[in-house]
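The values are calculated or read from the model by the stated rules, or taken from the named source; none is laboratory data. This is a predicted model, so every value here is computed, not measured. Cβ atoms come from the backbone with ideal geometry, glycine included; neighbour counts cover every protein chain shown. The area values use the complete protein model at the heavy-atom level, side chains included, leaving out ligands, DNA and RNA. Shrake-Rupley method; radii C 1.70, N 1.55, O 1.52, S 1.80 Å.
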2 protein chains.
Amino acid sequence: MSVVRPRRFSGTRDFLPREMIPREEMTAAVKAVFARFGYDPVETPAIEYLSVLKGKYGEDAEKLIYTLDYKRGTPDAAGLRYDLTVPLARLVASVGDDVPLPFRRYQIQPVWRAERAQVRQGRYREFVQCDADCVGAASMAADAEIIAMVRAALAELGLPNAVVLVNHRRILSALMEYLGVSPSDEPRLLRCVDKRDKVGADGVRAELLKTGFSPDLADSALDLFTRAAGDSDPLAFVEHTLSSRGLDATGVAELREVLAHLDDMGVTQGVRFDPWMVRGLDYYTGPVFEAVLPDLPHMGSLAGGGRYDGLIGLFLGRDVPAVGVTVGLDRIFTALEQLGRISGRSTRAKALVAVFDAERFPHAQRTAAALRDAGVPVALYPAPDRLKKQFRYASRLGVRYVVLVGPDEAEKGLVAVKDLTTGDQQTMPLEDATRLLEKAD
Amino acid sequence: MSVVRPRRFSGTRDFLPREMIPREEMTAAVKAVFARFGYDPVETPAIEYLSVLKGKYGEDAEKLIYTLDYKRGTPDAAGLRYDLTVPLARLVASVGDDVPLPFRRYQIQPVWRAERAQVRQGRYREFVQCDADCVGAASMAADAEIIAMVRAALAELGLPNAVVLVNHRRILSALMEYLGVSPSDEPRLLRCVDKRDKVGADGVRAELLKTGFSPDLADSALDLFTRAAGDSDPLAFVEHTLSSRGLDATGVAELREVLAHLDDMGVTQGVRFDPWMVRGLDYYTGPVFEAVLPDLPHMGSLAGGGRYDGLIGLFLGRDVPAVGVTVGLDRIFTALEQLGRISGRSTRAKALVAVFDAERFPHAQRTAAALRDAGVPVALYPAPDRLKKQFRYASRLGVRYVVLVGPDEAEKGLVAVKDLTTGDQQTMPLEDATRLLEKAD
């Protein structure tokens, strides 16, 4: 029979235990923080009708939706979810009064994007998103809560120094008006500004020219954003700039409210206004924010979100306010790796129970069963084999200890425990081995 | 703007917190048992090339693979995974020496099947599979380990009475030979036998006739299976039957080995040979098994699996023995619901922190923050509002307690805690409230 090439779908990843174990720990830590803030888990299907997915993300993003070869061209055509926010909006509209508002939910599931596979740049076609949203709360206290929760989650993951940059869509719109940019040109201009952390201010200028803005406008835009960001009080600078022309400054007032609520929640630092910070997606309507790591500026944002008061209304017919965040577990994992905080354990087992010989196989099985019953995770070598091979397996597996019952130990009712890091071997009662392994990393 | 109908893709489900909370608890319990047996987590992408997916499951199953509208008709055509076993085989073949054998892994991820949506019968187009496999162990001790682990997992979930029915593909083949059924007719006949728990022995007979077997053969097959199952020692009956004709009885010997290993691991009951038990999928080659619940016979199997020594070889070019199990989390969840073991909590929050009025909103926020810092999950009402409305929200949310700081409490540095089940309200220091809520369900 011909062999099938075991090709993995381009742009996707397999996760072996040495990646999965720290990822599961990370996810558990984030979930625990979400739960403390009253957020509960939800899951939605991977497949959604195209009528649900389309017209929400903007033209460029929409091209990246994977569609199924299933009832194509009919109203039942369907595709894979692109994010977790549109499915949440669909869910809230579906369940109606089945969930009381405000509805605080988190959702940790994969999303799919038909990117050209640029694995080197960390763009994958499948990745896990981790979202938390508060639906049905118009108060800026909800935005503050989400920001406080993101900081708590990052702190729980060992990143207490993360800084949350905030901005407001209405501030950005008012600044565009100040610059004389028409509402229809606004998204295009903001998309250039959004690239600043990757290409720098000069790069933004080049982008603006390339996108068709005049050199004059490019200069005034860069000047405005640079002066605002460089001011000792950027929010006051923006407020003064907008008020001087009679432009809408409600965005400033709302950000001040967010900061005051954060203060009441005990978050007195690590959150600041950054006029350069623009979130890409079309559906945001109010405050937007991103968490970054001053220690690793090249990482980009570890989490980001904002208020999207219009999205659920697309499904429901009446507006429902909502604010949420996506925590970038992949990036956080990479950041923790670069900071040397990922242990790299490739198994949760604390020991390999080796098999001395065929006659002592039942002893090995009983020993493994007893250790498991005591709650100690162990892997049993599944058959009699050369001991050297079993020890080599143990060290490749990544366990520190090997437990062995030879004829002597069997007779005395003891077990031998070998520490692979030191080479020491000790004979002891099973209860002592249990205690030793319980305490081991 | 016209409203988009919030339709959920037919045959799929949304999971709200009241389902997700017990599901997450269930999953965590199963993972903990898997870890105790030395099984570590793995994840693979949802999308696999069709060249990987096709030719593994049998004709009927293959029709149920969802394909993507992406490079159709090319070697890069792809679809959604149908199970977790074929992706595991592909993974093991891809990573080569990157994982030492035996490789014990578990994987808990959704799979997709393009079923006609028969939601009433519990057939969904997307459902979570929970697999554990031991790859690279030919010894029957690995089969015994998987069976012991399934029993431990079911016991951990509160189902210690589950019984594991075992059979062996070689026993079934030998019985087919005994009946004079050709190897090419074998799968068709076994598929009829497989339906016995749903349609009964008479139903199997009808199926056999419908599928084109002669009345004589139908009668002898039913007679053989009925006599074997009804014998006081079905395994001895089968062994005697096969030996009397000089037919292959190695399946019997292997099942005896499995039972002996189980005995050594302390599993002395709850596992029995059942000649009627046939697993559907084509790739099994050795022992097969299913866990059922005598208390709820109509539920069908809660978990099932077996040995598939040929599958990985399709990708690798040399055979790698493997044995595994799929734990049916959906069915187990339904079983636990029917047994009244699902709590039905719709939030993990232990209290709602209500907002007395605008002036006391900061007090509410500080109180919520302090409770969270102490590890107590609480939801904060996000704005001042009528208290009656906030209390109604609390009871709809499903929390037992409401914590409130009014003017009196604010002045004295106390909080009021109302128990919604009794209506009692008490004023106390925050530390007492923390302790009370910590102890609450």
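Close Cβ contacts (under 6 Å, 6 or more residues apart or on different chains) running from residues in region A:247-272 that are in contact (Cβ under 8 Å) with a residue 60 or more places away in the chain to residues that are open to solvent by 30 Å² or more (accessible area, probe 1.4 Å) and of a type in the set (S, T, N, Q) comprise A:Ala249/A:Ser243. Figure legend. Inter-residue proximity from region B:72-86: first residues without any contact (Cβ under 8 Å) to a residue 12 or more places away in the chain, second residues open to solvent by 20 Å² or more (accessible area, probe 1.4 Å) and not β-branched (Val, Ile, Thr), beta-carbon distance below 7 Å, spacing 6+ or different chains. Indicated pairs: B:Arg72/A:Asp69. Selection of region A:298-319 for residues being open to solvent by less than 20 Å² (accessible area, probe 1.4 Å) and touching a Phe, Trp or Tyr at 6+ places or on another chain (Cβ under 9 Å) yields A:Ala303, A:Gly304, A:Gly305, A:Gly306, A:Arg307, A:Tyr308, A:Leu311. A single member of B:Ala335, B:Ala351 is under 24 Å from A:Val99 (Cα atoms) and under 39 Å from the mean Cα position of the chain (by Cα), and it is B:Ala351. Only a single criterion out of (1) assigned to a helix (DSSP H, G or I); (2) open to solvent by less than 10 Å² (accessible area, probe 1.4 Å); (3) of a type outside the set (Lys, Arg) is not satisfied by A:Val166, namely (1).
Can B:Val4 be described as touching a helix residue (DSSP H, G or I) at 6+ places or on another chain (Cβ under 7 Å) and more than 20 Å from B:Leu91 (Cα to Cα)? For B:Val4, the condition - touching a helix residue (DSSP H, G or I) at 6+ places or on another chain (Cβ under 7 Å) and more than 20 Å from B:Leu91 (Cα to Cα) - is met. None of A:Ala46, A:Ala78 is of a type in the set (Gly, Ala, Ser), within 19 Å of the chain's Cα centre (by Cα), facing another protein chain (nearest Cβ under 8 Å) and buried (at least 18 other Cβ atoms within 10 Å of the Cβ) except A:Ala46. Scanning region B:32-43 for residues that are open to solvent by 10 Å² or more (accessible area, probe 1.4 Å) and within 8 Å of another protein chain (Cβ to nearest Cβ) gives B:Ala35, B:Arg36, B:Phe37, B:Glu43. In summary, helices (runs of 4 or more DSSP H) completely within region B:191-284 and bearing 2 or more residues that are within 18 Å of B:Leu165 (Cβ to Cβ) and more than 29 Å from the chain's Cα centre (by Cα) occur at B:215-230, B:234-244.
Here A:Leu16 passes the criteria (1) open to solvent by 30 Å² or more (accessible area, probe 1.4 Å); (2) at the interface with chain B (Cβ under 9 Å from one of its Cβ atoms) except the one numbered (1). Considering every residue within region B:172-191, establish whether at least one is surrounded by fewer than 21 Cβ atoms within 10 Å (Cβ to Cβ) and within 30 Å of B:Phe9 (Cβ to Cβ). Yes - at least one qualifying residue is present in region B:172-191. Scanning region A:49-68 for residues that are in contact with a helix residue (DSSP H, G or I) (Cβ under 9 Å, 6 or more places away or on another chain), open to solvent by 50 Å² or more (accessible area, probe 1.4 Å) and within 8 Å of chain B (Cβ to nearest Cβ) yields one hit, A:Gly55. Of the residues that sit in region B:414-441 and are of a type in the set (A, V, I, L, M, F, W, C) and in contact with an Asp or Glu (Cβ under 7 Å, 6 or more places away or on another chain), which one is nearest to B:Thr367 (Cα to Cα)? Residue satisfying both the conditions and the ranking: B:Val415. Among residues that are open to solvent by less than 20 Å² (accessible area, probe 1.4 Å), more than 7 Å from every other protein chain (Cβ to nearest Cβ), more than 30 Å from A:Leu316 (Cα to Cα) and part of a loop (DSSP other than H, G, I, E, B), B:Lys71 is not included. Of all residue pairs spaced 6 or more apart or on separate chains, none has beta-carbon atoms under 9 Å together with a first member in region B:394-413 that is within 13 Å of B:Arg360 (Cα to Cα) and a second member that is at pLDDT below 95. Taking residues in region A:152-169 that are under 17 Å from A:Phe34 (Cα atoms) and touching a residue at least 12 places away in the same chain (Cβ under 8 Å), and partners anywhere that are part of a loop (DSSP other than H, G, I, E, B) and among the hydrophobic types (A, V, I, L, M, F, W, C), the pairs with Cβ atoms closer than 6 Å and at least 6 places apart or on different chains are A:Leu154/A:Ala162.
Any residue in region A:102-120 that is under 30 Å from A:Gly11 (Cα atoms), open to solvent by 10 Å² or more (accessible area, probe 1.4 Å) and part of a helix (DSSP H, G or I)? Among the residues of region A:102-120, at least one is under 30 Å from A:Gly11 (Cα atoms), open to solvent by 10 Å² or more (accessible area, probe 1.4 Å) and part of a helix (DSSP H, G or I), which makes the answer yes. I'd like to check something: does region B:132-148 contain any residue that is more than 10 Å from chain A (Cβ to nearest Cβ), among the charged types (D, E, K, R) and either in contact with a Cys (Cβ under 8 Å, 6 or more places away or on another chain) or closer than 24 Å to A:Val378 by Cα (or both)? Among the residues of region B:132-148, at least one is more than 10 Å from chain A (Cβ to nearest Cβ), among the charged types (D, E, K, R) and either in contact with a Cys (Cβ under 8 Å, 6 or more places away or on another chain) or closer than 24 Å to A:Val378 by Cα (or both), which makes the answer yes. Of all residues in region B:393-418, those that are open to solvent by less than 50 Å² (accessible area, probe 1.4 Å) and under 37 Å from the mean Cα position of the chain (by Cα) total 7.
Taken together, A:Arg396, A:Arg435 contain a single residue that is within 12 Å of chain B (Cβ to nearest Cβ) and on the phi < 0 side of the Ramachandran plot, which is A:Arg396. For A:His240, the conditions (1) under 21 Å from A:Arg279 (Cα atoms); (2) open to solvent by 60 Å² or more (accessible area, probe 1.4 Å) all hold with the exception of (1).
Each row is one residue, and each column tells you yes or no for (1) among the small types (Gly, Ala, Ser); (2) at pLDDT below 95.
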position	(1), (2)
B:Val258	no, no
B:His261	no, no
B:Trp276	no, yes
B:Gly300	yes, yes
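Screening B:Val199 with (1) out of contact with any Phe, Trp or Tyr (no Cβ under 9 Å at 6 or more places or on another chain); (2) open to solvent by less than 30 Å² (accessible area, probe 1.4 Å); (3) at pLDDT below 95; (4) closer than 23 Å to B:Leu296 by Cα gives one miss only, at (2).
Among the residues making up region A:319-334, a single one is part of a loop (DSSP other than H, G, I, E, B) and over 21 Å from A:Arg169 (Cα atoms): A:Gly328.
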